[in-house]
């Protein structure tokens, strides 16, 4: 087992070299016939926290009939994570009013899988579960900083808010009843801010993608009991079993 000092030195070396998990994407190689890798972005590698970069994306999207961006939004017990894209990039883009935006709370556990060696233990970096007190703080923040913006996506006057991991959401409150009450408090905060409430959306999925995910056993019942207004899907692989997976067995 590597010592803590060795791990810290490795991390520092990555930081000084400007390394991130995207270096793994850039260095991808074909693993089987007709496997097209690496996939290089048409615009090259850009920084989405740059307002000029987001302004270009907004223009192309709006010019071609796309009317809303939904951002993966990370807010943990101890603060935000990966938020510069929306806060520094999108919201500071000179043309951000051309398009609506909404939040999908990516409240899943964040584990250290970049880079990953097969069979290695997966270290928890950021837990997705938040306390009831923290959730009330999150409600205040999203209503104040996002919901009340003129270009925030609203359905029938209600601010759209999506939850990725409903089970992790419920576990923070301990029961379905207390979770439903917390959702109602967010609705009340939105109404107090002169909105018509919150349009609660649940992300439905059956096949886990992340190693720490566990699919709900009865999503329709969760939707009904908690009072979600709609459900949607995140990615197709959440709903399709792959009969054979091609991997690089040397990894």
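Length, then width, then depth: along the principal axes, the Cα atoms of segment 114-167 run 49, 24, 20 Å. Rounded to 0.05, the FRET efficiency of the residue 121 and residue 88 pair, given R0 = 41 Å and the Cβ-Cβ distance, is 0.75.
Beyond 21 Å, the tail of the calculated P(r) for segment 48-238 holds 54 percent of the Cα pairs. Extension gain, residue 144 to residue 67: 0.36 nm times the residue separation minus the Cα-Cα distance gives 25.5 nm.
Distance between the 7 Å Cα→Cβ label points at residue 40 and residue 97: 3.9 nm.
Taken together, the values in this text are just the output of simple stated rules run on the coordinates, not laboratory data. Keep in mind the model is a prediction, meaning the values are calculated, not measured. Don't worry about glycine lacking a Cβ; one is built from the backbone with ideal geometry, like all the others, and counts go over all protein chains shown.
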